Structure formats: structure tokens, C-alpha cells
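Asks: Here's a structure for you.
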Protein chains: 6
Amino acid sequence: MVYLTRKEHFNAAHKLWCADWSAEKNFEVFGKCANPNWHGHNFDLYVTVAGKPDPQTGLVVDLKELSRLIREHVVEALDHKNLNLDVPFMAGKMPTTEILAMEIWRILEPLVLRPNCRLHKITLYETANNFVEYLGEPV
Amino acid sequence: MVYLTRKEHFNAAHKLWCADWSAEKNFEVFGKCANPNWHGHNFDLYVTVAGKPDPQTGLVVDLKELSRLIREHVVEALDHKNLNLDVPFMAGKMPTTEILAMEIWRILEPLVLRPNCRLHKITLYETANNFVEYLGEPV
Amino acid sequence: MVYLTRKEHFNAAHKLWCADWSAEKNFEVFGKCANPNWHGHNFDLYVTVAGKPDPQTGLVVDLKELSRLIREHVVEALDHKNLNLDVPFMAGKMPTTEILAMEIWRILEPLVLRPNCRLHKITLYETANNFVEYLGEPV
Amino acid sequence: MVYLTRKEHFNAAHKLWCADWSAEKNFEVFGKCANPNWHGHNFDLYVTVAGKPDPQTGLVVDLKELSRLIREHVVEALDHKNLNLDVPFMAGKMPTTEILAMEIWRILEPLVLRPNCRLHKITLYETANNFVEYLGEPV
Amino acid sequence: MVYLTRKEHFNAAHKLWCADWSAEKNFEVFGKCANPNWHGHNFDLYVTVAGKPDPQTGLVVDLKELSRLIREHVVEALDHKNLNLDVPFMAGKMPTTEILAMEIWRILEPLVLRPNCRLHKITLYETANNFVEYLGEPV
Amino acid sequence: MVYLTRKEHFNAAHKLWCADWSAEKNFEVFGKCANPNWHGHNFDLYVTVAGKPDPQTGLVVDLKELSRLIREHVVEALDHKNLNLDVPFMAGKMPTTEILAMEIWRILEPLVLRPNCRLHKITLYETANNFVEYLGEPV
């Protein structure tokens, strides 16, 4: 197996807020991330596929096509959006980096599946100081 | 003169929206940045002072003190905030990187003034692909 | 004045070779950069404009439009190309980072000129370890 | 096991072109990467070894020696070269990042083998936006 | 499982020197790193935990708490210190990146253990060109 | 004029300590940087020259030669050294980034002078969060 990674990015707003809790408890648990008027991030998204290079082209996957799939099915839905309000596949879910990475996996896994390659890992940076990796393992 | 730069950062939400205009015109001018439900960025802020090193310490300015001033007077007001709604010094102003950099200059210029040093430049990155510099020149 | 910078990038091949010289002299002057079969780089291009923010929009320039101009008039001509063979505006010129930055200035200067803003600087990275800046000063 | 990684880099030209195909098909499959006059990249190469630290020195491997091996056997052959024309170990192979990473593994695996350590991974960045990892798994 | 990483950093001095050896042998084995008067680095530390997101918060771990634990128990002891002389948990150990990463694992493993998450990996950059990863495997 | 920059780097130990002061005052002024047993940094050094490209080569300066000059006269003296104890040109001077940048200017200015080019700026990063620029202006 060879692992190939493509980077894309998007900018989005969100807040971490649990509707079942008081404002006090939300600030206690989520700190500044609970700011009612939102805050936001430049997210960096790395999509890694694992596969065998095609014997003729030497490519595991067509990078232009992989980039197009990520942009059409993920970035389009997230870029310059509010993760709590604007994104159908995040509706009713906490917009943490953890949950967002898992949902991106769920969307891309069937789309990148080929006879010679499959989705291997989603890596999502919220800031330069914290990021999440998801490899499709059950949680 | 020696130029000394300190980097700080903050994460914020905003939208570019002119209340005098139709939604149609706002989207035409500001594109995705006009998304009504906001979007956001990881902002990187570089504050540059110009001065003479103190003959005894070899320092133009106490970096701990410079960092404290930036965090107390600028980052505190912006981090995990909404630039349109939450920031007193941005009230009624367009929250573009240009205007934000100029307002940060206005706040920090008197605070960093010392007999041997003065504010030289504000550099503000909105993303890795675009940033603004302001040196206090009249606009 | 406020200075606004947009980053774009392109990948290109080139070699440094002076047709008036012997191969020996070319290798002596240009070292590995004279490899007859070419080598290449990921170039990072930063275009800086200087101007006054529009009183209504708070923008010095429309970043989408600036990006489009750079991509249409510069990146399109250079990306995945050979700087010695494929680029009309480099024909007969040495494809050094210095000359390339100056030619990019020459192309973009009239295109970005607006009543409230003008081209200020071209910054061109050939590698992470060396880059060139050109501000339109006569050489 | 402890994993130790050393970064080196090289700049090279290449094109993706399948001699059995028409020009039309080559451009369809490889896009801009099929430009007949080549293009190029700044490649970043990360070599990871896995091993046990020596009880006396606390080192898994002598980094100076690891760096020397990579530069002598890999970087020397690739830096400022044309991957299609100038590199003996790539002769007759498609110069994709995938194939290049696998060939670098093949060269370095026997060279870095020690009683306490072995090659673990080759990571090869073609651009900041796409990279390949190879861990020696059969393809 | 989801993997979550937090980055912290510290600046420290050290030298690599084996007291049982002659100066000559120390310089032969450790090269410039044996300079008797020390040298130093900006270390970047990435702490990765593996776990299940909490069903209510969507978080694997409270990042503020993870950051606090790393700073209080690791960074405090290392930042602006001499790894050979000032750090109790490094006493009598070779201050290589390998050994330091393993000791940081030993300290953090019990501290980050939660019903839903555990320490997964320590990644320690000594420079941009070399780093170590430790996953708790026996050596 | 065209501005050309070359990056080099070195790792060094230092402490900020004024021998005329009590330990108490040193810690008050210099904070953690006064740690008696030293600390250290990975310094990134950018040397910028300004000049006219040679009409035949298109180069302002031979980058290989510029790199050699910086490494031979500056990096050699600083890399893996103690700035307070090991560096002749820093003897008796405070090893702050400010003073170090000015001394590097003093060394390189005569060495890079050519009929068509001169030293323009020294930029010295002590960490990713603070750096100094010196352009030869009197202090």
C-alpha cells in the first residue's frame, strides 16, 4: 500500500453550545468557544487514501479528481459557512473538530472507493495548535 | 533603528455586509464573505516596533511587556469574538482586515511609545493567502 | 496607505544557461542550475498593492478580482511550464527569480492600477531558502 | 520502538507521460503534468527509522550519518535533475510521487538497517498540498 | 477511536556528552552537539490522545485541560532550562530527543488517562529537520 | 533595485544576564531568559542584499557564494555554540537578538559589497513568535 494525501482548506464560524445546559455550564465546559455570537477558524483538511499505484500511470488516484470530490462534497458545504446553522450534514450535531472529521469521513469514504484504493484517514486542523485524525475506527 | 516583531493570534467570526445595500449587491461585492450566518478565521497578528536597544540590556523593548500589552488591549477584545457584534472598537466599522489592522494600530500606538521606541507596523494575516500591513500612514 | 498582499503559486521547470558561454563556464557560474535537462521549483508568488480602503466597503481592493488577475495574466502562463521554452514574456531572458519577478511586475502594474490603489511589491520565493522582492525601482 | 525522522530536500523537473498513449490521452489523464517541456517541484523528503535508543548514547541512529546516507544515495541523484531523463534508478518508470517514494524506500532500506533500527517510512512532499507515504508494504 | 493532538513548545539548552568517554570520543560520536558550553533549540511538542468523543459535548478531551496538564507537568519543567542540569526527570539520562520524548510519555500517560481516552503518541521536534515519535512501545 | 534574500540557520545557547545587577534584578528584567544554566533556540537568519541583476546572468548575486559567505563568517561561529561564552564577536556584549542581528550586519556588510550590490537587511528569528530586522541604520 501507498498512502497519498491531498490538502484542502475552508474558513468557517461555529460555537460549542449544549442546548440542554445553562449558559453558566456551557461557559464552564466550553470556555471561550461558547461565545453566543460565534467565532471562527481557518480549517486545513488533509484527505489520505491508501492504495496500489496503477501499473501504467504510476498513480494511486487522480489527484485532480480527488481534489474535485473533496471540494464538491465537503469544502463547498463548509467554506464561509456557519457549522451550527448552515451545514445540512452537521445539523443536530456538536460542531467540534472531532465530530466534523468523522462526518467528513462518512461523506468521502464511498466517494473515493476504487478497486485499487480506499479512504485511509481524515486529518483536520482547527488551528496550528490542535488537530484531529480519524481513520474510520468505530467509536 | 532596530525593528522588533512579536506575533500573537486570535480566532474570530465576521461577515462583510453593507447595511445600505440589497442582499444581492452585498453578495456581488463581498462574495462568500457576505454569508449572513457569519464565517471565521484564525488571525495572526505581528506587531513591529522600531527603536534603539537599551545600552545596558541590549533590548529595544521588554518582549514580555509588549506581548502583555497586545494581549490585554487587542487579543482579549478579539479572540473567540464576532468582529461585527462583540468588539467595541469595531462598532459601526466594516470588519475587513484593512480596517481591523488600522484600528489595532490606533490602540497600540500610544501604548508602546517609549523614549527609545515607537510602533512601526501592524501586520495582520486573515489566512495564509492574504494579509494586510499598516504603518500609520494617513489614508 | 494600507498594504494588502495576495499569495498565489505555480510549479515550473527552468535552467540557467548562457548560450554565449561554454558548458564549462555555464557550470562554473550557475552550478547545478545549469543541468541541461532542466530542474524545477514550486514558486510562491506574493503580490502586494498599496492603497486607501474604500470608505464604504473597507477594502483596498477586491481580493477575488486581484486573485483572478494574477492567475489569468501570470500563473496561467507559468504553471506547469518551462520558463525557458514555454513563456512568451520570458523569451530571450534569463529565467532567474530576479528577472521573473521584474517581468511579473511589468505585467501586473497596469492591471492592478485603480484610483485608490497601485502595485507596491512582487515577492517571489523559488525555494523556502531564497526569494526576491521587486518594488518597481529602476535597475 | 522509537521513531526518528530526518528531513532533506531536492528540486527536480519531470513530466507525466505514457509513451504508449496519444498526446490527447496523456493530457486527458495527466492534465498540466503532461506538459512536453517539463515542469518541476521543490520536493521535501522525510525519512523515518524505527528502533531502540542505544543505552549509552540515547540515540536510535546517528543523525549525521543518516543525513549523509540520504544525501549521498538519494538527494545527489535527484537534486537539480530531470526525473525522466537523468536518474538511473527511475529509468523506465513513471516519475510520480508514488513511484519515487517506493524507489527511495528500495534504496534506503538496506542502507539504514542496523541491529537496533530499520527503515520505517518514506514521506515525500511534491507540493505543500500533496504528499505520499510508503512503509514498505507490498503493492 | 479519534486522535486529537495538542501542540505546545519550549526552548531549552543541552549537550550530548557521555561522562565515561574522552572528549575526543564525545566529539567523534556527538559532533557539534558535544560543545562543552551547551547549545539549544526551540522544541515543538505534539501530544496525541486517542479516544471516543463524549456523546453530549462531542469532545474526546477538554483541550484547555489537556493544554494545562502539558504545560504544568512538562513545559514548566523544560522551558528556558538546561536539560542536563535543571530537569529532575532527566537527571542521569542522556538528553537526546529520543529519551526526552520517552520521559514525557512516562509523565503524561497516567495524567491524561480517562474512561474514554488515553495517551497515544508524543511527537517532539528538535528542529524543523528532525523529530521523534514515541507511542509507548517497549524499548 | 532588486532585493534578494538567502536563509540560513543555527542553533545556540545563551542567557540574558547583566553582571552589574543582583540575581533578583536580572530575573525581574529578563525573566526566564536569565536562567543561570542557559537555555537555547533554533535561530533562522535571513540575509537580504539589494542590487542590480547582471545583464548577462540575470543574477544580483551568486547565491552559492552568498550562502558560503554567511556560513563561513557567521553560522560557523554561532552554530551549536554558547552566545555568551563561545563567540568572539559577541564577547562583552548582551546576546539579545537585537545585538546579534547588528553584529551580523557589521560582519557581512563589507563581505557582500559588490559594484552592483550591497547588504540591505538582516532578519533574525529567535522563535516563530519574535524576530528582529536591522537595516544598518545608526542606533
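The values are calculated or read from the model by the stated rules, or taken from the named source; none is laboratory data. Keep in mind that this is a model prediction, so the values were computed, not measured. Glycine also receives a Cβ, built like all others from the backbone with ideal geometry; neighbour counts cover every protein chain displayed. Ligands, DNA and RNA are excluded from the accessible area calculation, which covers all protein heavy atoms including side chains. Shrake-Rupley method; radii C 1.70, N 1.55, O 1.52, S 1.80 Å.
Asks: Using a 10 Å cut-off on Cβ to Cβ distances, tally the other chain neighbours for every residue of F:74-87 and report the average as a whole number. Could you put the intermediate results ahead of the total?
Replies: Values: counts 0, 0, 0, 0, 1, 3, 11, 6, 8, 3, 2, 4, 5, 1.
If you average over the peptide's residues, the count of other-chain Cβ atoms is 3.
Asks: Please list, in order, the residues from segment B:106-129 whose amide nitrogen is less than 17 Å from a point placed 7 Å along the Cα→Cβ vector of A:V75.
Replies: Output list for this probe position: B:127-129.
Asks: Considering the rotation that carries chain B onto chain A, locate the chain B residue whose Cβ comes closest to its axis and report the distance in whole Å.
Replies: In residue-and-Å form, the answer is B:G40, 0.
Asks: If a/c stays under 1.5 just call it rounded; otherwise compare a/b with b/c (prolate if a/b is bigger, oblate if not). Do that for the protein assembly as shown, with a ≥ b ≥ c from the square roots of the Cα gyration tensor eigenvalues.
Replies: The shape class here is rounded.
Asks: Show me, for segment A:50-63, the HN-Hα J-couplings you get by feeding each phi into the Karplus relation (A = 6.51, B = -1.76, C = 1.60, θ = phi - 60°), rounded to Hz, glycine and proline as x.
Replies: Each residue of segment A:50-63 in turn: 10, x, 9, x, 4, x, 8, 8, x, 10, 6, 8, 6, 4 Hz.
Asks: Exceeding 27 Å between C-alpha atoms, which entries from my cross-link table qualify? They are A:K64/C:K64; A:K32/F:K25; D:K64/E:K93; B:K121/C:K64. Present the calculation step by step, with values, prior to reporting the outcome.
Replies: Working: A:K64/C:K64 22 Å; A:K32/F:K25 36 Å; D:K64/E:K93 21 Å; B:K121/C:K64 25 Å.
Those over the limit are A:K32/F:K25.
Asks: Show me, for segment A:65-80, the HN-Hα J-couplings you get by feeding each phi into the Karplus relation (A = 6.51, B = -1.76, C = 1.60, θ = phi - 60°), rounded to Hz, glycine and proline as x.
Replies: Calculated HN-Hα couplings, in order: 5, 4, 4, 4, 4, 5, 5, 6, 9, 10, 4, 3, 6, 10, 5, 6 Hz.
Asks: While we're on this one: Normalised by the residues of segment B:1-125, what does the relative contact order come to in percent, with Cα pairs under 8 Å and at least six apart?
Replies: With pairs under 8 Å counted, the relative contact order is 35 percent.
Asks: Right, another one. When chain E is modelled as a GNM with alpha-carbon springs shorter than 10 Å, which of E:L16, E:L78, E:L59 fluctuates the most?
Replies: Largest GNM mean-square fluctuation: E:L59.
Asks: Let me ask something else about it. Taking Cα atoms, how many degrees apart are the long axis of helix A:97-112 and the longest axis of chain A, rounded to 10 and kept between 0 and 90?
Replies: 30 degrees
Asks: Also, I was wondering about something else. Please give the net charge around E:F89, taking every other residue with its beta carbon less than 9 angstrom from that of E:F89, where Lys and Arg add +1 and Asp and Glu add -1. Walk me through the numbers before you get to the answer.
Replies: Numbers: positive: E:K93, E:R106; negative: E:E103.
Counting the neighbours of E:F89, the net charge comes to +1.
Asks: I've got another one for you. What dipole magnitude, in Debye to the nearest 20, does segment C:54-111 give about its Cα centre under +1 on Lys/Arg Cβ and -1 on Asp/Glu Cβ?
Replies: 120 debye
Asks: Who wins for biggest fluctuation among D:E126, D:E76, D:E24 in a Gaussian network model of chain D, springs between alpha carbons below 10 Å?
Replies: The residue that fluctuates most here is D:E24.
Asks: Summing -39500 (n - 2.57) over the DSSP H runs of n ≥ 4 in chain C and dividing by its residue number, what mean residue ellipticity at 222 nm do you reach, to the nearest 500 deg cm²/dmol?
Replies: -7000 deg cm²/dmol
Asks: Tell me, what HN-Hα J-couplings in whole Hz come from the Karplus equation 6.51 cos²θ - 1.76 cosθ + 1.60 at θ = phi - 60° for each residue of segment E:17-30, using x for Gly and Pro?
Replies: Computed from phi, the couplings for segment E:17-30 are 7, 9, 4, 6, 10, 5, 4, 4, 5, 4, 5, 5, 7, 9 Hz.
Asks: Using amide H atoms built 1.01 Å from N in the peptide plane, name the residues 5+ places from E:N42, or on other chains, whose amide H lies under 5 Å from its own.
Replies: Here F:N42 satisfy the definition.
Asks: Taking the alpha carbon gyration tensor of segment E:1-47, what are the square roots of 5 times its eigenvalues, largest first, to the nearest whole Å?
Replies: 32, 13, 7
Asks: Peptide B:13-21: average number of partner chain Cβ atoms within 10 Å per residue?
Replies: What the average comes to for B:13-21 is 3.
Asks: For segment A:19-139, with only Lys/Arg (+1) and Asp/Glu (-1) charged at the beta-carbon, what is the dipole magnitude about the Cα centre, in debye rounded to 20? Numbers along the way, then the final one.
Replies: Values: 12 positive and 17 negative charges, 58 e Å.
Dipole of segment A:19-139, to the nearest 20 debye: 280 debye.
Asks: What FRET efficiency do you get for D:E65 and F:K93 if R0 is 35 Å and r is their Cβ-Cβ distance, rounded to the nearest 0.05?
Replies: Working: r = 36 Å, r/R0 = 1.04.
Computed FRET efficiency for D:E65 and F:K93: 0.45.
Asks: Another one. Charges on Cβ only, +1 for Lys and Arg, -1 for Asp and Glu, centred on the Cα centroid of chain C; of C:T123, C:P55, C:A91, which one is farthest towards the dipole's positive end?
Replies: C:P55
Asks: Could you work out the mean projected area of the convex hull around the alpha carbons of segment E:20-139, in square nanometres to one decimal?
Replies: Mean orientational projected area (segment E:20-139, Cα hull): 8.9 nm².
Asks: Would you look at the GNM of chain D, springs on alpha carbons closer than 10 Å, and say which of D:V47, D:V74, D:V112 moves the most?
Replies: D:V112
Asks: Next up: Between copies, how far does the label point of E:R118 sit from its twins, in nm, shortest first, when each point is 7 Å from Cα along Cα→Cβ?
Replies: 2.5, 2.5, 6.1, 6.6, 6.6
Asks: Inside 10 Å of the C-beta atoms of B:101-109, what's the mean count of C-beta atoms belonging to other chains?
Replies: So the per-residue partner count for this stretch is 1.
Asks: Another question, then. Placing +1 at every Lys and Arg Cβ and -1 at every Asp and Glu Cβ, with all other atoms neutral, what dipole size does segment B:90-139 have around its Cα centre, in debye to the nearest 20?
Replies: Once rounded to the nearest 20, the dipole reads 220 debye.
Asks: 7 Å along Cα→Cβ for the label point: how many nanometres lie between E:P88 and each equivalent label in the other copies, listed shortest first?
Replies: Nearest to farthest, the other copies are at 4.4, 4.5, 5.8, 5.8, 7.3 nm.
Asks: Follow-up question, since we're still on this one. Based on the alpha-carbon gyration tensor of segment E:91-136 and its eigenvalue square roots a ≥ b ≥ c, which shape applies: rounded if a/c is under 1.5, prolate if not and a/b is larger than b/c, or oblate? Write out the running numbers ahead of the final one.
Replies: Values: a/c = 3.54, a/b = 1.60, b/c = 2.21.
It is oblate, given that a/c is not under 1.5 and a/b is not larger than b/c.
Asks: At a probe radius of 1.4 Å, what is the per-residue accessible area of F:K15, in Å² to the nearest 10?
Replies: Rounded to the nearest 10, the figure is 40 Å².
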